[in-house]
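Bear in mind these aren't lab numbers, they're just calculated from the coordinates by the rules spelled out. As the structure is a prediction and not an experimental result, all values here were calculated from the model. Cβ atoms come from the backbone with ideal geometry, glycine included; neighbour counts cover every protein chain shown.
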């Protein structure tokens, strides 16, 4: 039986807008819809981008972001939150204060977006400090890729030999569960590494040849958010989301030459929560 809108779990993405529809809040909303939850968004930035290219980033004002969050928290019972592109320390502070002021105590997924796939920097050093000191430690899960993990640890990528050791270092540093995404590691499989209070666990799928794909990190974290917001535990949320992102990549389409855009119309099985 289909859930009515009032019966649906409500989740929130705090992230940037991507006019190409492949990443950011657009990808998050598509993921939420596909997984059967109602998605809310609070926009942090308006970007001018397409797969493989970012021309401009225009952050919203602190007042605008605060107003978006306050009205959403006042009217909706949000069951989980994810953050994506937060851009500046000012906007990160707004997110933190809004969570505190509205007494929000729900799963928080932090996707530490620092640069685009094409290499454009999306987070300055001041914002990074606040990210590490205040945002990641309060998260339910943070989901860095290899370059982001190296930045968070203050080390060079080339010095990372073991992904599981890297994930353990992140857990020790922030004392909160981490899912280190394995897409940048040279391997036959795309293996992600979860470290939490229970220890370490791997989630693995065969690498897809439909790469580079735009919006994979956004979609993956949005799926985990949707699953946690629907009552699944962390392990099951990641397991289901690994299947979702794998199918999204496998069924992606090449709308821009040499760049794949994820599909959210997943064929082959019912992945709704």
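For the range 12-254, DSSP calls about 55 percent of its internal beta bridges antiparallel. Fully extending the segment from residue 62 to residue 211 would add 50.1 nm, taking 0.36 nm per residue of separation and subtracting the current Cα-Cα distance.
Calculated from the structure, Rg/Rh (Cα atoms, Kirkwood Rh) equals which of [x] 0.93; [y] 1.07; [z] 1.01? The value computed from this structure is option [x]. Rounded to the nearest 0.05, what FRET efficiency do residue 100 and residue 126 give with R0 = 25 Å and r taken as the Cβ-Cβ distance? Could you check? Calculated value: 0.75. Here the extension length gained between residue 90 and residue 48 equals 13.0 nm, from 0.36 nm per residue of separation less the Cα-Cα distance. Under 12 Å from a point 7 Å along the Cα-to-Cβ line of residue 198: which residues of the range 213-243 have their amide N that close? Residues passing the 12 Å test: 233-239.
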